[in-house]
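The values are calculated or read from the model by the stated rules, or taken from the named source; none is laboratory data. Note that the structure is predicted; figures quoted are calculated from it, not measured. Positions of Cβ are generated from backbone atoms using ideal geometry, with glycine treated the same way; all protein chains shown enter the neighbour counts.
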Amino acid sequence: MEYFPWWNEAQKKLAEDAKKITDEVLMPLAERSAWKKEYPWEAVKVMAKQGWFGAQIPKKYGGHAEEWGVTGAAIILEEAARAGELTIPLGPTMFGGVHQILHDGTEEQRQRLLPKIATGERMGAITMTEPYAGSDIAAIETTAVRDGDFYIVNGKKRFQTNIATAEVYMTYVKTSEKPEDRTKYRHLTALIIEKGMPGFSIEKVNELMGYDGAYNGYMNFTNCKVPVANRLSEEGEGWRVMMSGLNVERVLNAAPALGQIREAIRYALQHIQRRVQFRAPTGDIATNQFKVADMIWKLRMARLMTYYAAYCCDLKQDVPIEAAISKMFTVDEGMNIAVEAVQAMGGNGATRFYPVERILRDMKINQIAAGTSEVLRLLIYRMGTKAMQADLKVPQRIVDPELKVPMPVGKPLPKKKVSSEKDVLTVLAENYRVNPGLHMMMEDLKEFLDVSDADLNKHLLSLEKDNLAALYRDKKGAVAMARVTLVGLAKANPPEYYRYYPSWIGKKDIF
Ligand SMILES: Cc1cc2nc3c(=O)[nH]c(=O)nc-3n(C[C@H](O)[C@H](O)[C@H](O)COP(=O)(O)OP(=O)(O)OC[C@H]3O[C@@H](n4cnc5c(N)ncnc54)[C@H](O)[C@@H]3O)c2cc1C
């Protein structure tokens, strides 16, 4: 595994050890489990002995957080994933509860739960999705009602990875039906539900297209008694607890895909270098070289993004955009890479005798589990445009008197004091020349005009009444944007004012 310059010595050593153990011990064990569709218990024991389950757990609770951290957890997952489904026991244990117990748990909860998770004796699962709440995860229906020192939990969860084998389930439940709590996202509570609690059972195990041998399925809670002592943070804080763990969860969902990509590349390369057709290796064909070149640059970009996000998590920086990009980019490009690796290998790629077809099946699931690529794009759009707001603001532009084309003004122009609606119409008409076809937002108009909100609104309504401006209203009915109408253009300036001909145009052709 290639290191990044910011990794500490312990992380570099971990990378070296993890690669060696994966190549020499885990690969044969895990490939056999995947073929037989068996849960990889043997491999779990090996990984537990290495202390891998405790990558993010502090030393005082038996883990290695101080030296490994989120970066170390990602290193382990990248390597282990090369062997197949080993990230199923590891991943949910790492992000299903550990982060939340550390940040929102009590000292009693940490001491009681973390040491056995660190040693791999008790594995974890993250329990959010329900039959009727998937991408819209705030719509959780499983309820928890307080009864003395217990919560009585009723409901169902589905698509939970590592069910049955896990003992610690980081579960989100609904504790308030009040509409005002729902609006403020204060309707959810985080509970640690443990295997063996009365009323908690496994309802169904899924037959998945991939993740061979991994347990994934539905869970049922019927009057399940959960001690209040198992609640993380306060009642109503569930959404915050859930969100606080998502960055780490996304980074740790990107990491396994990195290992799967590396495997796909190495099998594709082995193949094209050894397969001779038309009296030459298929690797001599430029299009096959391009396929591998694309795999390599995509892998390197994905690793850079993922380990950068992991490093930020270790520095306790909140990096929701980077975490989302690392998961989305790695699994989306991982899917493309798996498809191209199968293609480069021809018929062999389509057989189960190479791991590439399994990687392709798993990669498809990766695009759905832990937040779909579409939902991550939504998040990146929303949070990205907000975070870059200042950078993304287009500069003030006017039509340059000499060149007659829109130019940035540099330092903003002094605003014109508005004395009548004509001043507003002039700016709207000018915008027709600078931003043809676009409306102006209220803030755009106020960059040019010195006017109160109330007066601007009044002038715009008056222009609308006279058919000189057209207004766009938001969902609440408030005026949000405005543009000039054709009548308004004519009223503001003579027709020749709007003309522009490039110098190279034949003047005789213009009319
Ligand atoms: C193998 C596997 C393992 C999983 N492991 C776990 C686990 O351990 N714990 C857990 O809690 N959950 C787990 N999940 C659940 C997973 O997180 C959800 O499946 C996922 O969030 C999508 O929810 P859904 O399946 O209900 O799809 P839906 O939400 O019904 O979405 C269907 C489609 O519509 C798209 N879509 C939905 N809303 C929007 C929107 N607003 N804009 C654009 N597109 C949208 C989605 O991207 C998707 O393509 C797992 C799922 C799988 C398949």
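If you take the residues in segment 243-279 that are polar (S, T, N, Q) and modelled with pLDDT of 95 or more, which one is surrounded by the fewest Cβ atoms within 10 Å (Cβ to Cβ)? Result: Q277. The sole residue among V205, V173 that is within 13 Å of the ligand (Cβ to nearest atom), closer than 25 Å to L114 by Cβ and either at pLDDT 95 or above or touching a strand residue (DSSP E or B) at 6+ places or on another chain (Cβ under 8 Å) (or both) is V173. I need the full set of residues from segment 147-163 which are more than 16 Å from the ligand (Cβ to nearest atom) and small (G, A, S), in order please. Within segment 147-163, G148 is the sole residue that qualifies.
Scanning segment 64-107 for residues that are away from the ligand (no atom under 16 Å from the Cβ) and on the phi > 0 side of the Ramachandran plot gives a single hit, G69.
Here's the yes/no breakdown for (1) more than 16 Å from the ligand (Cβ to nearest atom); (2) closer than 30 Å to S503 by Cβ; (3) outside any helix (DSSP H, G or I):
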site: A370; (1), (2), (3): no, no, yes
site: E374; (1), (2), (3): no, no, no
site: R377; (1), (2), (3): no, no, no
site: Y381; (1), (2), (3): no, no, no
site: A390; (1), (2), (3): yes, no, no
site: I398; (1), (2), (3): yes, yes, yes
site: E402; (1), (2), (3): yes, yes, yes
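None of A125, A139, A144 is more than 9 Å from the ligand (Cβ to nearest atom), small (G, A, S) and touching a residue at least 40 places away in the same chain (Cβ under 8 Å) except A144. One residue stands out among those in segment 135-155 that are within 24 Å of the chain's Cα centre (by Cα) and surrounded by fewer than 16 Cβ atoms within 10 Å (Cβ to Cβ): the one that is nearest to K204 (Cα to Cα), which is E141. Is it true that L456 is more than 18 Å from Y498 (Cβ to Cβ) and not polar (S, T, N, Q)? Spelling it out, L456 is indeed more than 18 Å from Y498 (Cβ to Cβ) and not polar (S, T, N, Q). Considering each residue of segment 344-359 in turn, at least one proves to be closer than 15 Å to G259 by Cβ, crowded, with 17+ Cβ neighbours inside 10 Å, modelled with pLDDT of 95 or more and among the aliphatic types (A, V, I, L, M). Comparison of Y432, Y381 shows that the only residue that is out of contact with any Pro (no Cβ under 7 Å at 6 or more places or on another chain), more than 21 Å from K491 (Cβ to Cβ) and either in contact (Cβ under 8 Å) with a residue 40 or more places away in the chain or not assigned by TED's automatic domain parsing to the domain that holds S135 (or both) is Y381. Looking at segment 338-361, can you tell me whether even one residue there is without any contact (Cβ under 8 Å) to a residue 60 or more places away in the chain and within 13 Å of the ligand (Cβ to nearest atom)? Within segment 338-361, none of the residues are without any contact (Cβ under 8 Å) to a residue 60 or more places away in the chain and within 13 Å of the ligand (Cβ to nearest atom).
Among the residues of this structure, A166 counts as one that is within 16 Å of the ligand (Cβ to nearest atom), touching a residue at least 12 places away in the same chain (Cβ under 8 Å) and among the small types (G, A, S).
Within segment 184-231, the residues that satisfy the criterion of being outside any strand (DSSP E or B), under 27 Å from D149 (Cβ atoms) and among the hydrophobic types (A, V, I, L, M, F, W, C) are M197, V228, A229. Considering only residues that are buried (at least 22 other Cβ atoms within 10 Å of the Cβ) and either in contact with a Phe, Trp or Tyr (Cβ under 7 Å, 6 or more places away or on another chain) or in a loop (DSSP other than H, G, I, E, B) (or both), which ones fall in segment 300-321? Hits for segment 300-321 are A302, Y307.
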